[in-house]
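The values are calculated or read from the model by the stated rules, or taken from the named source; none is laboratory data. Because the structure is a prediction, the values reported are computed rather than measured. Virtual Cβ from ideal backbone geometry, glycine too; neighbours counted across all protein chains shown. Protein only, heavy atoms only, side chains kept; ligands, DNA and RNA dropped before computing areas. Shrake-Rupley method; radii C 1.70, N 1.55, O 1.52, S 1.80 Å.
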Amino acid sequence: MRKYIGLSLLAIAVVGCSPLQKALKSEDLEYKKEVAQNLYEQKKYRKAIRLYEQLETPFRAQPTAENMFFDFAEATYQVKDYELSSHRFKLFASTYPRSERHEEALLKEVKSIVNTLLPYSLDQGNTYIAIDKLQAFIDQYPTSSFAIEANNIMGDLNRRLEKKAFENAKQLNTIGGWTRNYNAAIVALDNFIYDYPGTSYKEEALYYKLDSAYKLAMNSVYSKMEERLINAKTMYDALIRFKEDTKYKQEADLMLADINKELQQFSK
């Protein structure tokens, strides 16, 4: 029993004398800094952060601490504390505007923000913030070695907004049930196609536009039905013109058959 107690005490003593514990208690700032750097290089980021936090105030804005503050920001990024790393990289960029790592810090700030984004179906306020920061970065550093990465991230963020816009417009069709919903769906899908002319969702948008127009016409009062049937037929034509072999061809043809059948009563 005494043997085990002795080993436990020895283990506690070893831990108590670890470089981290010693550095945390030390008043020697250069020693703290050296230990923090060693821990960082060993990828023991959480331990390094504990020391960086003690070093932040005494080394604030000092030119000799430039690399340390970048590593501090990077450590928070590596442990996935993205809200904090966003702040740290932003602070680094403003504190060391002439640093060789200034561009990298600006991009890492954006990447931190991107990692905090909510699913596309929820609020995208941070997406717009990230896009604005990326655009400012690209405008300021068009020949940066990080420009390609920045543009790729920009593309991903724009596709996220595009998907949200499409799903929002499509949802009005899915809700259905009321004339105003189908009208709103047609307008929203029209706006989506206008705002994203090269969208990969165009085929789907044209189909749901047809579907909304078809349902609107079929559920119309007689006085408005003919006009709405003709309008739905033009939307069928638009879908087929865009993609003759559309994956929605079978459903669209069934709608067209119904539309033509209903239109016959108005030609008599």
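Assorted remarks:
- Filtering GLU162, GLU109, GLU103 for residues that are open to solvent by less than 40 Å² (accessible area, probe 1.4 Å) and over 30 Å from LYS243 (Cβ atoms) leaves a single hit, GLU109.
- Scanning the stretch 124-159 for residues that are of a type in the set (S, T, N, Q), within 23 Å of SER200 (Cβ to Cβ) and surrounded by 15 or more Cβ atoms within 10 Å (Cβ to Cβ) yields GLN124, THR127.
- In the stretch 112-123, of all residues being at pLDDT 95 or above and of a type outside the set (Ser, Thr, Tyr), the one that is least open to solvent (accessible area, probe 1.4 Å) corresponds to ILE113.
- Subset tally (residues that are surrounded by 11 or more Cβ atoms within 10 Å (Cβ to Cβ), hydroxyl-bearing (Ser, Thr, Tyr) and either within 23 Å of HIS102 (Cβ to Cβ) or not assigned by the TED database to the domain that holds GLU103 (or both)) for the stretch 27-66: 3
- Long-range neighbours under 6 Å by Cβ, at least six apart or interchain, first residue assigned by the TED database to the domain that holds ASN168 and aliphatic (A, V, I, L, M) within the stretch 188-207, second surrounded by fewer than 17 Cβ atoms within 10 Å (Cβ to Cβ) and assigned to a loop (DSSP other than H, G, I, E, B): none
- Counting only residues that are hydrophobic (A, V, I, L, M, F, W, C) and either in contact with a Pro (Cβ under 8 Å, 6 or more places away or on another chain) or part of a loop (DSSP other than H, G, I, E, B) (or both), the stretch 40-82 holds 3 of them.
- Restricting the stretch 238-260 to residues that are without any contact (Cβ under 8 Å) to a residue 12 or more places away in the chain and hydrophobic (A, V, I, L, M, F, W, C), the residue that is farthest from TYR208 (Cα to Cα) is ALA257.
- In the stretch 212-243, the residues that are part of a loop (DSSP other than H, G, I, E, B) and modelled with pLDDT under 95: ASN219, SER220, VAL221
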